[in-house]
């Protein structure tokens, strides 16, 4: 009896391993395990191995949208946008996934292809995803097309959907972060409205937990200083992408600096 009792702790240990480790792995889909393995290798800076896993995941599970998105967002080659974009388009052509459509639209916008961007960003699935993630890319698109009145209308309409429990415009603007409100400020400046009044909604400096304009300015500067230029854009030449990305930051940094000097 004593010898049997000696084995019980070991048996219990094996049972715990089975329940907590082995069975969950069996239940997890193959593609999900591959993506987890790729993330693990990337975390440990084994980038080539991570890329290899992602490439094989696409070959093995071509109808799973997540494998294309993982490749697009996390493949180690960050400077050749054309390769990643082609994978994204390949995934969308096979799956028709709404999240992939959004990223195709956002890539077109980042590279300055406005008509193509609008086509994808206006898809119902893309709109649903943008509202869910609070990413107003159609507003940014109309702003860049210099259709400022439409950009302003789209901005308010968009955030009414994001903050569906708020209907008053004043309250709608007051609950926003600097990252959200800055686009409305730029639109008002382009419309020659009193844009500084919009910036007054958010404090110049932060005394609590909420981000201030100074906090946001420092964050933008840090991101801007660490930008690495792409070698290829989505259709070859990366010049448009690199210039547009720099302008995105410079425009925001400039207007915040101008505002802070007046206060």
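General remarks:
- The set of residues in the stretch 107-119 being farther than 12 Å from residue 241 by Cα and under 16 Å from the mean Cα position of the chain (by Cα) consists of 117 alone.
- Pairs meeting the criteria (first residue in the stretch 55-70 and farther than 19 Å from residue 42 by Cβ, second residue assigned to a helix (DSSP H, G or I) and at pLDDT 95 or above, beta carbons under 7 Å, at least 6 apart or on different chains) are 62/94; 63/94; 63/95; 65/91; 65/95; 65/99; 65/100.
- Candidates 2, 59: the one that is modelled with pLDDT of 95 or more and loosely packed, with under 11 Cβ neighbours inside 10 Å is 59.
- Candidates 27, 98, 89 - the one that is over 25 Å from residue 238 (Cβ atoms) and modelled with pLDDT of 95 or more: 98
- Of the residues making up the stretch 196-213, those that are part of a helix (DSSP H, G or I) and touching a residue at least 40 places away in the same chain (Cβ under 8 Å) are 196, 199, 213.
- Extreme residue, surrounded by the fewest Cβ atoms within 10 Å (Cβ to Cβ), among residues of the stretch 124-163 that are touching a residue at least 40 places away in the same chain (Cβ under 8 Å) and in a helix (DSSP H, G or I): 149
- Evaluating residue 195 against the criteria (1) within 25 Å of residue 113 (Cα to Cα); (2) in contact with a helix residue (DSSP H, G or I) (Cβ under 7 Å, 6 or more places away or on another chain) leaves one unmet condition, (1).
- Residue selection: residue 72 satisfies the criterion of being assigned by TED's automatic domain parsing to the domain that holds residue 46, in a helix (DSSP H, G or I) and under 15 Å from residue 234 (Cβ atoms).
- Of the residues making up the stretch 80-100, those that are within 17 Å of the chain's Cα centre (by Cα), in contact (Cβ under 8 Å) with a residue 24 or more places away in the chain and closer than 24 Å to residue 128 by Cβ are 85, 97, 98, 99, 100.
Residue-by-condition table, conditions (1) surrounded by 13 or more Cβ atoms within 10 Å (Cβ to Cβ); (2) in the same structural domain as residue 108 (by TED's automatic domain parsing); (3) in contact (Cβ under 8 Å) with a residue 60 or more places away in the chain:
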site: 165; (1), (2), (3): no, yes, no
site: 180; (1), (2), (3): yes, yes, no
site: 189; (1), (2), (3): yes, yes, yes
site: 215; (1), (2), (3): yes, yes, no
site: 226; (1), (2), (3): no, yes, no
site: 231; (1), (2), (3): yes, yes, yes
site: 236; (1), (2), (3): no, yes, yes
site: 245; (1), (2), (3): yes, yes, yes
site: 249; (1), (2), (3): yes, yes, no
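The values are calculated or read from the model by the stated rules, or taken from the named source; none is laboratory data. The structure presented is a predicted model; accordingly, all values stated were derived computationally and were not measured. In this analysis, Cβ positions are derived from the backbone assuming ideal geometry, glycine residues included, and neighbour counts consider all displayed protein chains.
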